[in-house]
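Below: the structure, in structure tokens.
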Amino acid sequence: MQKRIFTRQLWASREILTAAWIMPALLGLVTLALAGCATQEARDKTTYNQINAELDKAAAAQVKPAQPGAVDAALLPPLKIEMPKLGKPPEQRFDLVVNNAPANQVFLGIVSGTRYSMLVHPEVSGTISVNLKNVTVFEALDAIRELYGYDYKVDGTRIFIQPLTMQTRVFRLNYISGQRKGTSDIRVTSGSVSDSPTTGTITPGATTTTSGGSSGRAFETSKITTTTETDFWSELKSSLTSIIGDKDGRTVVVSPQSGVVLIRALPNEIRQVEHYLKATQLSVDRQVMLEAKIIEVQLNDGYQSGINWAAFNRNGQNRFSLGADANSFALPGGAPVAGSTLGSVFGAALPKAAATSAGMLNIAAQADNFAALISFLNTQGTVHVLSSPRIATLNNQMAVLKVGTDEFFVTNVSSTTVTGTATTSTPNVTLRPFFSGIALDVMPQISDDGQITLHVHPSVSQVSEKDKTIDLGGTLGKMNLPLASSTVSETDSVVRVQDGSIVAIGGLMQQSMTDDRSGVPVAGDVPLFGALFRHTNRASQKRELVILLKTTIVRGSGDWSQDVLNSRERIQKMQRDGSDGDASDTGNSAGRP
């Protein structure tokens, strides 16, 4: 009986001890759960509010405020019923037939019986022979001007006839003053990074020796250099001088600061200059907005050979074309492109793992935004948007956008030894900047029909420091040099696209190896036998660089206003969704940043 009571007391003591241990543990878990479910501190929205305020201000400047209804009612004029206004009476038509008639009499006779007055310059001379049927006053004057060169000007109903003598005319042309020069190059080299020779310091009355440095020459296997040099006003003056010449008092005066062009020449030559300046102004005023998405795609296991661009048109709804001439056309889903060197690439029986081109591939897709292409890339790998630059530039003007850092590295080391009363050795170190980041330079040419010929040179570079040990032999021993190691992905291409089309440049692939090591602590680090207690997994990753580029011709202020409204909508959507900025990749409009 006592044993049974003792057993019950023992079990009761165990239950009390167990409850005493479990309750604090449960309270701790509940506390952690509540802390994890606590609402995070709200993000600072100061930046969003400032951006929204500026965009609202810009959008409000484009829209005129509406008048209140009370003001409209107060300003409403009394109702009046007016008869419709009659249009201008049609120009009178007549026949003009003259043979060796004096020019001044012909001009006076043209306006006879019309509402126009004719004023003929006293120096107008010569004879005119024409046979014109059913013409108006200005049709007759244009025909005579085209044939005999007599120019005229109109002021209301008065017509002034100019003589065939030297005349002076002033034109205005809107363009920036100054010269502009740009160079874009891409090259593949072997040999030394720098081909600058080593130089030393020469001191009078002393012996100078120089050692070290790199003076080797780079051996270029391929190189593309695009150079543009613009001196608009000098070229304009040369062109105008070629049109009118420089004899018999003909003069061309160009003022870049004021944008004024003065011409002294004959009337027919001045007309040619006028046509030339109009065409020039129309050409230089064309402007294009360039929007780019520089994307790195970490390919899935099924697409290790590259992105399968043929899948982009499987449903037959997308519009795209291949090669340098990017005029978009519709393709049936999976059908090969006849006559194309990439026909085998886009074949119907193409498996998804073997649908890439070796090297660079240009595709022009007809789309309103980047969303379709980015969604397509998401099906074949993990998409990382490296940069979303946007830049506007004028016709035939190079634009450069650069985002990154410049870091200096040692490219040359030399020593200067001066022997005099005392021997001194001075080290000379040459530093050069190396760029790490994203650079994009483009130059568009815009035609009259909206076609854009685009030179594009994107580059993604990453520079790291790498120690290089060089055995100099003899007494010099070994030297450890910190050198720059560059990893560059770039391409240089010229494409032709339509206004609003998206150009995709792909095929730039890189492969990286990663080692994941796991094992038993301490035991895995034991020499010789440690390999039995650890495991190393080596994985290969392939990444493909894709550049999406959209061109939009800016035709007026309405395009800029719409761009401001679209930017405001994207910022507001990012704020609502709590996105960190990548929401624009699949957003509205044009996927702009």
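The values are calculated or read from the model by the stated rules, or taken from the named source; none is laboratory data. Quantities reported herein were computed from a predicted structural model and do not represent experimental measurements. Glycine gets a Cβ as well: all are built from the backbone with ideal geometry, and neighbour counts include every protein chain shown.
Taking the criterion of being in a strand (DSSP E or B) and out of contact with any Leu (no Cβ under 6 Å at 6 or more places or on another chain), the residues of the range 90-112 that qualify are F94, D95, V97, V98, N99, N100, A101, P102.
Among the residues of the range 287-301, write down those that are within 15 Å of V383 (Cβ to Cβ) and not in a strand (DSSP E or B). Of everything in the range 287-301, just one residue is within 15 Å of V383 (Cβ to Cβ) and not in a strand (DSSP E or B), namely N300. Considering the range 128-177, the qualifying strands (runs of 3 or more DSSP E), each wholly inside and each with 3 or more residues that are in contact (Cβ under 8 Å) with a residue 24 or more places away in the chain, run over 158-161, 167-172.
Only residues that are among the charged types (D, E, K, R) and surrounded by 19 or more Cβ atoms within 10 Å (Cβ to Cβ) were counted across the range 275-295, and they come to 3. A140 fulfils the conditions (1) surrounded by fewer than 12 Cβ atoms within 10 Å (Cβ to Cβ); (2) on the phi < 0 side of the Ramachandran plot; (3) small (G, A, S) except for a single criterion, (1). For the residues D448, D441, the requirement of being within 36 Å of the chain's Cα centre (by Cα), surrounded by 14 or more Cβ atoms within 10 Å (Cβ to Cβ) and not in a helix (DSSP H, G or I) singles out D441.
When the criteria are applied in full, V254 meets the requirement of being surrounded by 14 or more Cβ atoms within 10 Å (Cβ to Cβ) and either among the charged types (D, E, K, R) or at pLDDT 90 or above (or both). Residues that are polar (S, T, N, Q) and in contact (Cβ under 8 Å) with a residue 24 or more places away in the chain were ranked within the range 412-426; the one that is farthest from A484 (Cα to Cα) is T419.
In the range 158-174, of all residues being within 32 Å of the chain's Cα centre (by Cα) and surrounded by fewer than 16 Cβ atoms within 10 Å (Cβ to Cβ), the one that is modelled with the highest pLDDT corresponds to R172. When G182 is tested against the conditions (1) assigned to a strand (DSSP E or B); (2) more than 52 Å from the chain's Cα centre (by Cα), the lone failure is (2).
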